[in-house]
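Written out below as structure tokens is the structure these notes cover.
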Amino acid sequence: MKILIINAGSSSLKYQFMDSVSGEVYAKGLCERIGLDGRLTHKVPGRDNVVEDIAMPTHAEAMAAVMDILVDPVKGVIASTDEIDAVGHRVLHGGMEFTASCRVTEEVCAAIERCIPLGPLHNPANLMGIRACQKVMPNTPQVAVFDTAFHMTMPPKAYIYALPYEYFENDNIRRYGFHGTSHRYVSARAIELLGGKPGLRIINCHLGNGSSLSAVVDGKCVDTSMGLTPLAGVPMGTRTGDIDPACLQFIMNKYGYDVDTMLNICNKKSGVMGISGVSSDFRDLETAAEQGNERAQLALDKFAYEVRKYIGAYAAAMGGVDAIVFTAGVGENSAEMRARVMEGLEYLGAKLDAEANRVRGQEAVISTADSKVTVLVIPTNEELMIAQDTAALCQ
């Protein structure tokens, strides 16, 4: 099936049009500055990119612009929107309402809206993307694929917070986890590469500007590093990761910050950017560290240390580990960071092959032949996962 995948942000809309079986991408692009002057960047493999300034007061106009360029006789890839079999939407937060992807109905839209308090920055935009598609493609089936759904198999001991239980009962405050579509894709691929053995214990390291780890047993998530929001876990590009909440109270009291200011600092000014003062881009940090920048080196060391700690914790939680998977921008492309993370994990029986680890952006086994733990690089493909879910629910 030919599936259009939509990832709507508050002022942007990413799209990808692809085949759900072969994974072939026919076209992809980005509508940005929605609500302002509007710009569309459209990419078709083998052709020059198209960049157009288009008025996009709302997501509806952005979606209409996507439809127009997909069917354009020169710039497009289809003769009619009838060739779009279905639309798959990435939705950030499904709360406790959704444990799997589902067809979009009015009831589903209402449930996504109920989850807005849990995902206030993303869910409203995701819902706008769905509504925009309904407006311009009223007869095309749509599917919602939730970032949180894969992690809903966690047992209560993993997802509950040690707060008064009433906050869980009344407000659904708990660990949810994110990057679920990526974690589901790479763990399934790892199981396939390891011969489909039952009961495999896998630790996924989705490392990038946003980073999360998950512990997966027999294809099901049993723990993950992000929490109620994507702010928890390891340090990231600009996010703090795990932190003593009393630090926030101390800073707020001293400098007179309100909660919104403090959360903005935690989300957008912290992480490796905050430590280094250089950049949130790990490539910039590696360059700066090579030039002797001690804070850049500290940021890299801190990141690797925290990822390594989570690997150790998840190995303990699962009673061992059969495979460690690296994915996402840093995990797939930085041999240096993979080596840093793996330092000291020999006690688990995990041995890195330095030569094999020189791979970048492609699937590979990077552990030695005698390693008891298989270490893999698996490029993530969230769009293919969304396309496959959409096709399965719409056929």
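Key figures for this structure:
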read-out	value
Where a residue in region 123-137 is outside the structural domain of residue 7 (by TED's automatic domain parsing) and its partner, wherever it lies, is crowded, with 19+ Cβ neighbours inside 10 Å, with Cβ under 6 Å and at least six apart	none
Residue 221 being closer than 23 Å to residue 119 by Cβ, at pLDDT 95 or above, not in a loop (DSSP other than H, G, I, E, B) and not β-branched (Val, Ile, Thr)	yes
Close pairs from region 243-261: first assigned by TED's automatic domain parsing to the domain that holds residue 272, partner surrounded by 11 or more Cβ atoms within 10 Å (Cβ to Cβ) and not in a loop (DSSP other than H, G, I, E, B), Cβ under 7 Å, at least 6 apart	248/262; 251/262; 252/262; 257/251
Selection from region 258-283 of residues that are β-branched (Val, Ile, Thr) and either closer than 24 Å to residue 294 by Cβ or touching a strand residue (DSSP E or B) at 6+ places or on another chain (Cβ under 7 Å) (or both)	265, 272, 275, 278
Hits in region 95-118 - residues which are in contact with a Phe, Trp or Tyr (Cβ under 9 Å, 6 or more places away or on another chain) and within 22 Å of residue 263 (Cα to Cα)	95, 115, 118
Meets criteria (touching a Leu at 6+ places or on another chain (Cβ under 6 Å) and without any contact (Cβ under 8 Å) to a residue 40 or more places away in the chain) for residue 116	no
Residue 117 being at pLDDT 95 or above and either surrounded by fewer than 17 Cβ atoms within 10 Å (Cβ to Cβ) or charged (D, E, K, R) (or both)	no
Test: residue in region 40-56 that is touching a residue at least 12 places away in the same chain (Cβ under 8 Å), within 21 Å of residue 124 (Cα to Cα) and not hydrophobic (A, V, I, L, M, F, W, C)	no
Subset of region 255-294 that is charged (D, E, K, R) and surrounded by 15 or more Cβ atoms within 10 Å (Cβ to Cβ) - its residue that is nearest to residue 225 (Cα to Cα)	281
Odd one out for residue 122 among (1) closer than 22 Å to residue 155 by Cα; (2) under 18 Å from the mean Cα position of the chain (by Cα)	(1)
Filter result for residue 207 (among the hydrophobic types (A, V, I, L, M, F, W, C) and assigned by TED's automatic domain parsing to the domain that holds residue 334)	yes
Answer from 28, 14 - the residue that is of a type in the set (D, E, K, R), in a strand (DSSP E or B) and touching a Gly at 6+ places or on another chain (Cβ under 8 Å)	14
Residue 5 vs. criteria touching a Ser or Thr at 6+ places or on another chain (Cβ under 8 Å) and over 28 Å from residue 392 (Cβ atoms)	no
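Per-residue answers, yes or no, for (1) on the phi > 0 side of the Ramachandran plot; (2) in contact (Cβ under 8 Å) with a residue 12 or more places away in the chain; (3) of a type in the set (A, V, I, L, M, F, W, C):
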{"site": "150", "(1), (2), (3)": "no, yes, yes"}
{"site": "166", "(1), (2), (3)": "no, no, no"}
{"site": "175", "(1), (2), (3)": "no, yes, no"}
{"site": "203", "(1), (2), (3)": "no, yes, yes"}
{"site": "207", "(1), (2), (3)": "no, yes, yes"}
{"site": "225", "(1), (2), (3)": "no, yes, no"}
{"site": "234", "(1), (2), (3)": "no, yes, yes"}
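The values are calculated or read from the model by the stated rules, or taken from the named source; none is laboratory data. Keep in mind the model is a prediction, meaning the values are calculated, not measured. As a convention, Cβ positions derive from the backbone with ideal geometry for all residues, glycine included, and neighbour counts pool all protein chains shown.
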